[in-house]
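Participant: Pasting in a structure now, in structure tokens, and then I'll have a few things to ask.
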Amino acid sequence: MTRSMQHSPRWFTPHLALLCAAVAAAAAFPAGAADRAPAVAASAAQPATSPEVTISNFSFQPALLTVKAGTRVTWTNRDTTPHTVTSTDKRFESSAGLDTNDRYSYVFGKAGTYEYFCSLHPMMVGKVVVSEP
């Protein structure tokens, strides 16, 4: 760097401005932000929280869940072993095994009884009973 560049505000100012812009952009878009879906506000008809089924100790907890039509149910695998959520009549299915802490959600649009199981461990069964809204 020449002596004139060391003290020249004309050289320093554009570089500082570029550095500040890069830092501001990095702060506005944290790592992984592009991979996350935007949050969706709950409608007045939907409850603020959706019912959850925990997969733990090779079982669905609760094994029987009752909800109203239009409700989203989320399953979360808390086991160290992969599991699936598969409807006995193939209405819904988590396509791949859910690893530890993976989630799968399904919106139950119609009233009825929905039985499901883990296709990797068929002795694991559960049921969702859906009533009219």
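Rule-based calculations on the coordinates, nothing more; no lab input. Only a predicted model underlies this, so the values are computations on that prediction, with no experimental measurement involved. Don't worry about glycine lacking a Cβ; one is built from the backbone with ideal geometry, like all the others, and counts go over all protein chains shown.
Participant: Near the amide H of THR71, under 5 Å away, which other amide H atoms are found, from residues 5 or more places off or on another chain, if H is placed in the peptide plane?
Facilitator: PHE108
Participant: Can you work out ³J(HN,Hα) from phi for every residue in the stretch 69-77, in order, using Karplus 6.51 cos²θ - 1.76 cosθ + 1.60 and θ = phi - 60°, giving whole Hz and x for Gly and Pro?
Facilitator: 4, x, 8, 8, 10, 10, 9, 10, 7
Participant: Can you give the FRET efficiency for ASN101 and LEU64, using 1/(1 + (r/R0)^6), R0 = 30 Å, r = Cβ-Cβ distance, to the nearest 0.05?
Facilitator: Values: r = 24 Å, r/R0 = 0.79.
Step by step, r from the Cβ atoms, then E = 0.80.
Participant: For the stretch 52-131, take every pair of Cα atoms, bin their distances at 10 Å starting from 0, and report each bin as a whole percent.
Facilitator: 21, 58, 20, 1
Participant: Check MET124: other-chain or 5+ apart residues with amide H under 5 Å from its amide H, H built from backbone geometry?
Facilitator: Amide H neighbours of MET124, under 5 Å, 5+ apart: CYS118.
Participant: Let me ask another. Can you put HIS83, HIS121 in order, fewest other beta carbons within 10 Å first? Show your work: numbers first, answer last.
Facilitator: Working: HIS83 27, HIS121 16.
Ordered by Cβ neighbours within 10 Å, fewest first: HIS121, HIS83.
Participant: With a Förster radius of 25 Å, plug the Cβ-Cβ distance of THR80 and GLU52 into 1/(1 + (r/R0)^6) and report the FRET value to the nearest 0.05.
Facilitator: Working: r = 19 Å, r/R0 = 0.76.
Approximately 0.85, to the nearest 0.05.
Participant: If each residue's Cβ is checked for other Cβ atoms within 10 Å, how do ASP89, ASP79, ASP102 rank with the fewest at the top?
Facilitator: Details: ASP89 10, ASP79 19, ASP102 15.
Ranking ASP89, ASP79, ASP102 by Cβ neighbours within 10 Å, fewest first, gives ASP89, ASP102, ASP79.
Participant: Can you list the residues, at least 5 places off or on another chain, whose amide H is less than 5 Å from the amide H of PHE92, using H built in the peptide plane?
Facilitator: The list, which skips near neighbours in sequence, is SER87.
Participant: Quick one: of the DSSP bridges fully inside the stretch 52-131, what percent are antiparallel, nearest 5?
Facilitator: Details: 19 of 28 bridges.
So the antiparallel bridges amount to about 70 percent of the total.
Participant: In straight Cα distance, which lysines are under 18 Å from LYS68, not counting same-chain residues fewer than 8 positions off?
Facilitator: LYS110, LYS127
Participant: Can you sort VAL130, VAL125 by how many other beta carbons sit within 10 Å, fewest first?
Facilitator: So the residues, fewest neighbours to most, are VAL125, VAL130.
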